[in-house]
Each structure stands twice: as C-alpha cells, then as structure tokens.
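Written out below as structure tokens is the structure these notes cover.
The values are calculated or read from the model by the stated rules, or taken from the named source; none is laboratory data. As the structure is a prediction and not an experimental result, all values here were calculated from the model. Neighbour counts are summed over all protein chains in view; Cβ atoms, including those assigned to glycine, are modelled from backbone coordinates with ideal geometry. For accessibility, only protein heavy atoms count, side chains too; no ligands or nucleic acids. Shrake-Rupley method; radii C 1.70, N 1.55, O 1.52, S 1.80 Å.
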Amino acid sequence: MRISIQISAVCIAVMLAVGGVAAQSTTVRIGVPERDNLQYLTLWVALGAGYFQAEGLDPQIVVAERANQAGQLLMQDRADVSLLQPPIFLGMIAQQRPIVLFANLLANDPVSLIVQRDVATRLKLDPRAPLADRLKALKGLRIGTSNEQPRRLRVLMAEAGMDTERDIQMTIIPGDEHLTVFKEGVVDALYTHSPFLEEAIVNLGAVLIVNQAAGEVPALSNGQIHSLATTRAFADAHPDRVLAITRAIARAETLIHTDITVARQAILKAGVTVPSPKHLETIVDLYRPAVPTTPRVSAALVENDATLYPARPSAPDFSKIHAADFVALDFAERALSR
C-alpha cells in the first residue's frame, strides 16, 4: 500500500512537472502548403529536432487546404507564421498585403533535370561532364516540365547557349502527371522536383543530369526561395516569438550542414511520411546543398525572384513597390548574434 502511494505520488509529481513545462510553452501556429513535402526540410528538421520546443515554443502545424493558399492562413489569422514560396509571397507583395519575410529556408532552386536511363545510355550522357556539355547533349529531346518552371528551364538551357523553343521539345505537364508521362516514355526527360524527383530516381531508374539544388546553375543559386513570413502586426506584437522561431531555423540549417544522419532522423520525428528510407536519403542528399547556411533574408533576392517565378495573381512592380518594406532583416541578425 505504501509503495503504491509512493508510486502514485511520483507519477503526480511528474505529471505536474510536465504540465508546468507545457504551461510555460507558447503556442505558435506554423502554416505550410503541404504536410509531407520534403522541399520544406529545413522546417521539418527544426520541428523534429525539438528546436522550437528548446525556444519555449509549442509548434502547431496548420496545413493549407490547397498548396497555393498558405498565404491565406496568415490573412485569415489561422497561422502566426507561414512557409511561403515565391509565387505566393510575390503575389501578396503585389497586393501590398501586410506581410514580412523573416527567414530564408531554401537558397538554391529545387528543380532538377532527370533523363530516361535508356536515353542516357544511348546518348552516352556523363553526369560528371561540364554543365554545358551535358545540356548540349540533350538537343532535340522531349523535356517535360510544369507550367511554373519554363522561365527557369530557359535560364538553365542558356548556360549552354541553347534556346528552349529551338533546341528542345518542351512539353508542359501538370505536376501530378510527371511520373506517369515519364514512366510511359512520353518524354525523354523531366525538369521536376520532390516528390517526383526522388521517386523517378529510386523506382524508375532516372539518371540525374543537372542538380540545380546543388548550385550548378549560378543564376538559380544563392537566392531566397522558401521563406517564413508573418504579418507586420504579429511581428510588432510578438518580436520575441519571431526571434525564437528564427533561432530554431538557424539551428536546423546548421544541423543539416553538419550532421545529415541526425537531420534525416529529425525529418521522420517531425511526422513527415516518406515512401522508403531510400527516398528520404536520396532527396535530402540532393537538397542539402540548397539549404542556406543562415536564415538571412534580402530585399534584392525577393526582387530577383520576380524574374524567375510566376506570381499569383500578378507580379509586383518594384519600380512602385519597395521590396525592403516586406522583409524583416533584424530577426536573423539577432538570432545569429547570440
């Protein structure tokens, strides 16, 4: 009886202690376009590694009904911060929505070029050859891409002095059909990203010819692609929370570049569903170089995004709108100075 009472007392004490920690944590709602997209690996690592909790935050993931509605989570006060991609934050800037970007999660473009294995064999493609040589070897091929990517494909082909309209057969294909057309041989190559990229490599025998995420294309590297954003009102009212989030992101970026094994484990702990360990290893290894070493944001990089990505519903006119009004530089600087 005495032992039972002692055990019960210990259990109650533990429960009270845990409850005390929980009570001290501050809930932060983080909006994401999709729950299992591995392009957001920086966020998933921060979540799975416990870096938000270490900052006294209780992160709650809020998933947009559609991938292009992550910005609406902020405007409808359903999220405190949200992960935004260029088409979304450029469109919101064009509409002069009261948002600020405060952390950079991805610096190199995540789209890469893969080729059918038999095509690569026939053309004797060497993935280690100079980039221009690899691209010139693709002349005349049928290359599938989504409707948001032609500008970047043109930039890529220009690295070899090639023109997409003249030198290749560019075919616009909805993203959810990328694997189908590749598997059926409708196209010779795909210009695509996760989750299609790793599936084609792991299960369809695709050969990676250009890894843009590794920074092979200077014009598509060292930028600001996936960003965390919040409203000006939230940043003004809760700067401590935004700073804590930024510190967590900075730690995640450091982990990704210093211990890839632990980073992969953190992604799984974050609850991200992947088809197999091989899929996870493949795409994280490809995307690791695309993660910036710091979460610093830049107005100049936001302006550059407008030259590479479409914007919904329209692109901002930076001759009339100041990009600097939509970035908050101080949070990353303060996070890195600690």
Residue match in segment 203-215 (condition: under 14 Å from the mean Cα position of the chain (by Cα), part of a loop (DSSP other than H, G, I, E, B) and either at pLDDT 95 or above or farther than 28 Å from Thr246 by Cβ (or both)): no
Matching residues in segment 36-58 - criterion: being at pLDDT 95 or above, more than 17 Å from Asp259 (Cβ to Cβ) and open to solvent by 20 Å² or more (accessible area, probe 1.4 Å): Gln53, Glu55, Gly56, Asp58
Meets criteria (open to solvent by 20 Å² or more (accessible area, probe 1.4 Å) and in contact with a helix residue (DSSP H, G or I) (Cβ under 7 Å, 6 or more places away or on another chain)) for Thr307: no
Hits in segment 182-197 - residues which are open to solvent by 10 Å² or more (accessible area, probe 1.4 Å) and within 20 Å of Leu41 (Cβ to Cβ): His193, Pro195, Phe196
Members of segment 147-180 found to be open to solvent by less than 40 Å² (accessible area, probe 1.4 Å), touching a residue at least 24 places away in the same chain (Cβ under 8 Å), closer than 18 Å to Leu208 by Cβ and under 25 Å from the mean Cα position of the chain (by Cα), listed by number: Gln149, Arg152, Leu153, Leu156, His178
One residue from Ala244, Ala290, Ala300 being of a type in the set (A, V, I, L, M, F, W, C) and open to solvent by 30 Å² or more (accessible area, probe 1.4 Å): Ala300
Any hit, segment 272-286, residues being among the small types (Gly, Ala, Ser), more than 17 Å from Tyr40 (Cβ to Cβ) and out of contact with any Asp or Glu (no Cβ under 6 Å at 6 or more places or on another chain): yes
Residue in segment 121-141 that is over 22 Å from Glu177 (Cβ atoms), at pLDDT 95 or above and among the polar types (S, T, N, Q) present: yes
Helices (runs of 4 or more DSSP H) contained entirely in segment 226-285, each with at least 1 residues that are more than 30 Å from Leu90 (Cβ to Cβ): 239-258, 260-269
Only one of Ala323, Ala335 that is under 28 Å from Gly48 (Cβ atoms), open to solvent by less than 30 Å² (accessible area, probe 1.4 Å), out of contact with any strand residue (DSSP E or B) (no Cβ under 6 Å at 6 or more places or on another chain) and hydrophobic (A, V, I, L, M, F, W, C): Ala335
Selected residue (criterion: surrounded by the fewest Cβ atoms within 10 Å (Cβ to Cβ)) from residues of segment 59-97 that are in a strand (DSSP E or B) and touching a Lys or Arg at 6+ places or on another chain (Cβ under 6 Å): Gln60
Matching helices (runs of 4 or more DSSP H) fully within segment 107-161 where at least 1 residues are touching a helix residue (DSSP H, G or I) at 6+ places or on another chain (Cβ under 7 Å): 131-136, 150-158
